[in-house]
Amino acid sequence: LKGKKVIWIGDINVDQNKINDLDYRKLDSSLKSFNMVQTIQNYTRVAKRGNKFTHSTIDVIMTNCYSDFNSSEVLQEQIGDHYAVQCELEFKVEKPPSFEKVAIHDYNSNNIKAFQTYLANLDFTPLFQSSNVDSACLILEENLNKYHDHFFPIKTVKKHEKFIYKPSNESLNAIKIKRKLHRKFKRKLKKVENSNCNSCNVCKRCINAHLAWDEYRKQRNETNRITKANKRENLVNDLKSKSAKNDLKGIWKSIKLATNSSSKTNTQPKTDD
């Protein structure tokens, strides 16, 4: 219990009104040893014995964080001859952060085509015939900016955080080497395709192409291993960050992104690229 906030609720069969009773004193001593208090003071059970009614407080709430309580009381609702008890706590739940909104130009395909059509039909003759180069450049820049803003209006979008692709330096270096080796393999393969050996797998060109492929495949597998480890680390850090902010929506979104992600890898050299 050390360092923890504890709340116990239940029926203990030790009447809290009998302060001189041995069982009460034992319980009270045990509670004090853990810095706990019993918060219910009213009667919680009314029982009939013969012609008499007995009143006792045996349904209790014990806690070591009573300063966080707003209230602690006995309700009118009954379960058998016991009254229900409740407590209200004061605690803060950090509101999950909303997605950041950013303003960007709307570069959809229709807008791009419309802008291309406009530029194709634009008459640049007056600019070409101008004797003042600086003035012509200024006019061209102003007109392009004006119609750029016209064809690509500003729109507001939500900026979503992406935890999956935040490559480390190790991952970036591995990708760089992989691409370099792939270009080397493509050069070797092109030499085989341009020769008359018909992929004999015996000549020097074919052997060099196979060696280049093996070298590339080894680096590709190593890159995949590094990338997966990098993504796993990013996911863990992302979940820890959102968990600290109590961002349940963000946590589930991260899990969904992680479970839906897939990787496509080549298992053999392609000769038709």
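Below are the figures for this structure:
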item: Label-to-label distance, nm, for residues given as residue 193 and residue 259 (7 Å Cα→Cβ offset); result: 4.2 nm
item: Set 4/26; 5/242; 166/245; 113/231; 180/242 screened for pairs whose C-alpha atoms are more than 29 Å apart; result: 113/231; 180/242
item: Rounded accessible area of residue 210 (nearest 10 Å², 1.4 Å probe); result: 90 Å²
item: Between 0 and 90°, nearest 10: helix 109-120 axis offset from the chain longest Cα axis; result: 30 degrees
item: Span per principal axis, largest first, for the Cα atoms of the chain (Å); result: 112, 65, 32
item: Probe 1.4 Å, all protein chains present, accessible-area order of 172, 181, largest first; result: 172, 181
item: Distant alpha-carbon pairs in the stretch 52-94 (separation over 15 angstrom), percent; result: 53 percent
item: ³J(HN,Hα) computed for each position of the stretch 53-67 - Karplus, 6.51 cos²θ - 1.76 cosθ + 1.60, integer Hz, glycine/proline x; result: 10, 10, 10, 8, 10, 10, 9, 10, 10, 10, 7, 10, 10, 4, 5
item: Distance in nm between pseudo-label sites at residue 237 and residue 128 (7 Å out along the Cβ direction from Cα); result: 5.4 nm
item: Shape category assigned to the stretch 104-262 from the gyration tensor of Cα positions, a/c cut at 1.5; result: oblate
item: Net lengthening on full extension, residue 222/residue 207 (0.36 nm per residue, minus Cα-Cα); result: 3.1 nm
item: GNM result for the chain, Cα springs below 10 Å: residue of 215, 170, 141 fluctuating most strongly; result: 141
item: With DNA, RNA and ligands ignored, accessible area of residue 131 (1.4 Å probe; Å², nearest 10); result: 120 Å²
item: Shape of the stretch 16-72, Cα gyration tensor, a/c cut at 1.5; result: oblate
item: Area of residue 34 that stays accessible when all protein chains are in place (1.4 Å probe, Å², to 10); result: 110 Å²
item: Longest segment of the chain lacking trypsin sites (Lys or Arg not before Pro) that sit in a DSSP loop with at most 11 other Cβ atoms within 10 Å; result: 163-263
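The values are calculated or read from the model by the stated rules, or taken from the named source; none is laboratory data. Owing to the predicted nature of the structure, the values given are computational and were not obtained by experimental measurement. Here the Cβ is made from the backbone with ideal geometry for all residues, glycine too, and neighbour counts use every protein chain on show. Just the protein is used for accessible areas: all its heavy atoms, side chains included, with ligands, DNA and RNA removed. Shrake-Rupley method; radii C 1.70, N 1.55, O 1.52, S 1.80 Å.
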